[in-house]
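Read the structure below first, then the notes.
The values are calculated or read from the model by the stated rules, or taken from the named source; none is laboratory data. Since the model is a prediction, treat every value here as computed from it, not as a measurement. FYI the Cβ positions are ideal-geometry reconstructions off the backbone, even for glycines, and counts take in every protein chain you see. Just so you know, the surface numbers come from the protein's heavy atoms only, side chains and all, with ligands and any DNA or RNA stripped out. Shrake-Rupley method; radii C 1.70, N 1.55, O 1.52, S 1.80 Å.
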Amino acid sequence: MTYEGSTTHPGCWETTIWIIINKPIYITNQELYSLRKLMQGSEEAPKAPLGNNARPVQPLHQRTIRTNINFKNSE
């Protein structure tokens, strides 16, 4: 499933297409730590690390959620 939304850090620009997968992806604590250490920006001008940039769930605001799942045939 996908839907158009916004970034999760201040500015919250509505420029993101979110992808919701139907099976979880498991990572280790070390992998999560490594992801959070990734830096935004270029190597020449690094910005802040990605870190914990999540914000609370926001209202849908008439956004369309798209999927290729046929719910009529699922059991």
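Residue-wise, which Karplus ³J(HN,Hα) couplings in Hz belong to segment 19-32, taking 6.51 cos²θ - 1.76 cosθ + 1.60, θ = phi - 60°, and x for glycine or proline?
Working through the residues one at a time gives 10, 10, 8, 8, 9, x, 10, 9, 10, 7, 4, 5, 5, 5 Hz.
Given (i) 42; (ii) 60; (iii) 35, which label gives percent of Cα pairs over 18 Å apart as computed from the coordinates?
Answer by label: (ii).
Want the number for residue 38 to residue 71: 0.36 nm per residue separation, take away the alpha-carbon distance, what's left? Walk me through the numbers on the way to the answer.
Numbers: separation 33, 0.36 × 33 = 11.88 nm, distance 3.80 nm.
The span from residue 38 to residue 71 would gain 8.1 nm if fully extended.
How far apart, in nanometres, would the label points at residue 58 and residue 14 be if each is projected 7 angstrom from Cα along the Cα-to-Cβ direction?
The modelled label-to-label distance comes out at 0.8 nm.
Can you bin segment 1-42 into rounded, prolate or oblate? Criterion: square roots of the alpha carbon gyration tensor eigenvalues sorted a ≥ b ≥ c, rounded for a/c under 1.5, prolate for a/b above b/c, oblate for the rest.
Oblate.
Using the crude model of +1 on Lys and Arg Cβ and -1 on Asp and Glu Cβ, and no other charge, please compute the dipole size for the chain relative to its Cα centre, in debye to 20.
About 200 debye.
To the nearest 500 deg cm²/dmol, what mean residue ellipticity at 222 nm is calculated for the chain from DSSP H runs of n ≥ 4 alone, each contributing -39,500 (n - 2.57), summed and divided by the residues?
-3500 deg cm²/dmol
If exposed chymotrypsin sites (Phe, Trp or Tyr not before Pro) are those in a DSSP loop with at most 13 other Cβ within 10 Å, what is the longest stretch of the chain that has none?
Answer from the scan: 27-70.
Counting only protein heavy atoms and using a 1.4 Å probe, what share of the accessible area of the chain belongs to carbon plus sulfur, as a whole percent?
On the way: 4030 of 7030 Å².
Whole-percent figure for carbon plus sulfur exposure: 57.
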